[in-house]
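Note sheet for the following structure.
The values are calculated or read from the model by the stated rules, or taken from the named source; none is laboratory data. Predicted, not measured: the structure shown is a model, and the values here were computed from it. So basically every Cβ, Gly included, is an ideal-geometry build from the backbone, and we count neighbours across all protein chains shown.
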Amino acid sequence: MEAVLYVHGKGGSAAECERYQPLFPESTVVGLDYQTFTPWETGAEIHAAAEALRRQHGRVTLIANSVGAYFSLHAALDGLIQRAYFISPVVDMEKLIADMMRWSRVSEAELEAKGVIPTAFGEDLSWEYLTWVRSHPIKWSVPTRILYGSRDELTDCDTVRRFAEVHGCGLCVMEGGEHWFHTEEQLRFLDNWIKRNEET
C-alpha cells in the first residue's frame, strides 16, 4: 500500500492530513508533526519520515503546504518519494525574507549586526536563516504539481511560474485563491485538483 506524507505550513498541524485520506482511499495518509522550524532541521525530520514510510510501504507521495513545501525542498527526498503535490508553496525564501525586511524597514547591515530582529507581523528576521538560504540553493527533481492562488500574498505569480518552469512542475492557478486555501470554494477546488491529477 502506498503512503502519503503530509507536511503542514506555519500554524498548521499534522491532523490536517485527515482531509486527504478520502482523496487517497487506497493509501496510508500520515501527517508529520515536526518539532523544528528551520529548513536544515525540519528538512532532516521530513527526510527521516519519508525514509521510514518508504521502508514500510515502498512508494511515497508527498503533500506539502506553504513553508512546509520549502522545508521539503531541502529534505533530500530524491529517490525516497515518487511524486509531490505542493499547495501555495514558498519557493523563493530569499525573496520572501527580503520582502519582510522591506516591510519592516530593516537593512541587511542592521540584521547582520543584531542577528535576530522581531517584526510587527510576528515573524523574527534572522541573519543565520538568511545566510543559510543563500548558501543552499534548491535542487529538486521529484515530479511535482503545484496549486497556487492568484491572490497569494507571500509568493508572487512570476516567482512560482519561474520555479515551475525551471523544475518541470505542473502548475494550476486558482483565480481569486489565497495563500491559505480555507473557504468551502477553495477547498473544493483543491480536492478536485488532486482528484484530476490522480485520475491521470
Tell me whether the stretch 19-33 contains one or more residues that are within 11 Å of the chain's Cα centre (by Cα) and surrounded by 15 or more Cβ atoms within 10 Å (Cβ to Cβ).
no
Residue ranges of strands (runs of 3 or more DSSP E) in the stretch 60-160 with at least 1 members in contact with a Lys or Arg (Cβ under 6 Å, 6 or more places away or on another chain) and not aromatic (Phe, Trp, Tyr):
60-65
Where ARG55 falls short, out of the listed (1) assigned to a strand (DSSP E or B); (2) more than 23 Å from CYS169 (Cβ to Cβ):
(1)
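Among the residues of the stretch 122-129, are any touching an Asp or Glu at 6+ places or on another chain (Cβ under 6 Å) and of a type in the set (S, T, N, Q)? Give the steps one after another, and end with the answer.
As a first pass, look at the stretch 122-129 and keep what is touching an Asp or Glu at 6+ places or on another chain (Cβ under 6 Å): 127.
In the following step, the residues that additionally are of a type in the set (S, T, N, Q) were identified as none.
No, the stretch 122-129 contains no residue that is touching an Asp or Glu at 6+ places or on another chain (Cβ under 6 Å) and of a type in the set (S, T, N, Q).
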Got a sec? Which of GLY149, GLY115 is of a type in the set (Gly, Ala, Ser) and assigned by TED's automatic domain parsing to the domain that holds ILE97?
GLY115
Which is modelled with pLDDT of 95 or more, among the polar types (S, T, N, Q) and exposed (fewer than 11 other Cβ atoms within 10 Å of the Cβ), of SER126, SER141?
SER141
